[in-house]
Structures are given as C-alpha cells and as structure tokens.
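Inspection log for the structure reproduced underneath, given as structure tokens.
Please treat every number below as a calculation from the coordinates, not as lab data. Just so it is clear, the model here is predicted, and its values are computed rather than measured. A quick note on method: Cβ atoms are made from the backbone with ideal geometry, for glycine too, and the neighbour counts reach across all protein chains shown.
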C-alpha cells in the first residue's frame, strides 16, 4: 500500500493507494494539529493496511530531506517519518514539484483555457499555484520525451507594482508587512488584504462595505456580485 500526502499551511490531504486505485482519502485542517505525525496517527487508526511506501508533497523548500513549512510552524523530516511509519521508503518533495510531475499525465479534458496562447509541443511548462502561499515550478522537456521537474520559491520575490493602483496597494501592504512579496498579494491571505485595500478606498469615498476576513467569502461575494 502507498501513502500519499499533500502538506500545506491550511490543509493536509492524505490518501492510500494500491498499485492503481485510491482506496481512501481524508482532509485535515493543518492548524488543528501540532505536527504531521499527529495527523498521521488519526488517519492510520482507521486504516490498518500495511504501508510499504510513502511520499509527501510539502509547502516549502526541501533541504537535506527536511522542510520548515513556509506558512506553518512545522518541521517535517524524512527520518522522523520513517521512524513514525516504521518503513524506510519515505520521500519528501516540494508540493509544486509533486503537482508538476502529474502534468504530463493529464488529458486535454483535464485543462481549462483561461487565455489562448501560442500552441506547439516541446516547450517548457510553468506551474503556478495560489493557496496559503504562492507555489511555482516548471518542467523542462528532454529528448526522450520525459521532463525534468524544477521547483521554485518564486513566490517570495518582491511585489513590483505596474501602475498607480498597484503602487497604492504596495504602500498599503507595507504598513502591515516589513517586506511585500508576490505571495502577499497572489494567495488566499493576499485576497483578504486586497479586499481590505479596496474597502479602505471605498470608505474614504463614503461607501460602506461590511468587513470580510475569509477568502472563500470574498470569492462568493465576487461571483454573486453582491460586493463592489
């Protein structure tokens, strides 16, 4: 049996697979637990299958088989996971590298076109994922038809405004953060801050907007067009 996990700052998804089928899956709120080991204990108490291999995608840079999560005060280590699970075959990789590995196996029906670009095969593939933070990775094609997967911490680059509104947003965020990276804007928490920015502008102009703290609520209001 194979144990697969996606460890993020907001949620942890765990699943068990046999050679070709997903047997079970469960989602956890990361901040409800003090460590990934605590979550594994809860997940495995209801699943007594023998685990032979385990791989975890984690939201942060993996160095020497260890990762300190970017948006959560957890330290995840391969050696600790090996001891906890009682197996030697354990891998820890960047979560966006894990996502990128799946891209070549997707079918055309798995994609949704947001903006039509230049078509063609053999080019590099960029993977960008906005969640609790902003993950980035890319795939470089090889001559044998396979890809080299490269993870990146590009979400920590400085946010560079391109117009006057974005410049005002930068000044607004600088009051809250000592340094404003791209993921301070393009992420779930960033969405809340952007909402707060436009709310402050609206309030200055005399328009009242109810305060909203959760990105999901902001998205719901945007789709329903119930909030400017």
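Here are the numbers for this structure:
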| read-out | value |
| --- | --- |
| Over the chain: Kirkwood hydrodynamic radius from C-alpha pairwise inverse distances, Å | 20.1 |
| Structure-based [θ]222 nm, the chain - -39500 (n - 2.57) summed over DSSP H runs of at least 4, per residue, nearest 500 | -8500 deg cm²/dmol |
| Using distinct alpha-carbon pairs, which all enter the 1/r mean, Kirkwood radius of the stretch 38-169 in Å | 17.7 |
| Tilt relative to the chain, helix 188-204 - C-alpha long axis, 0 to 90 degrees, to 10 | 10 |
| Calculated FRET efficiency for the pair residue 35/residue 150, C-beta based, R₀ 41 Å, to 0.05 | 0.90 |
| Beta bridges per DSSP with both ends in the chain, % antiparallel, nearest 5 | 75 |
| Potential extension, residue 44-residue 20 segment - 0.36 nm per residue separation minus Cα distance | 6.6 nm |
| Separation between Cα centres of the stretch 58-126 and the stretch 156-177, rounded to whole Å | 29 |
| Length gained when the stretch residue 186-residue 121 is fully extended (0.36 nm per residue, less Cα-Cα span) | 20.5 nm |
| Kirkwood hydrodynamic radius (C-alpha pairs) into Stokes-Einstein, the stretch 91-182, 37 °C and 0.692 mPa s, D in µm²/s | 209 |
| Packing-based ranking, highest mean first, of 90-102, 110-122, 13-25 given that Cβ atoms within 10 Å are counted | 90-102, 13-25, 110-122 |
| With Cα atoms, 0 to 90° folded angle of helix 215-224 axis to the chain main axis | 60 |
| Beta bridge orientation in the stretch 55-143: antiparallel %, DSSP, nearest 5 | 70 |
| For the stretch 21-108, convex hull of alpha carbons as volume per residue, Å³ | 130 |
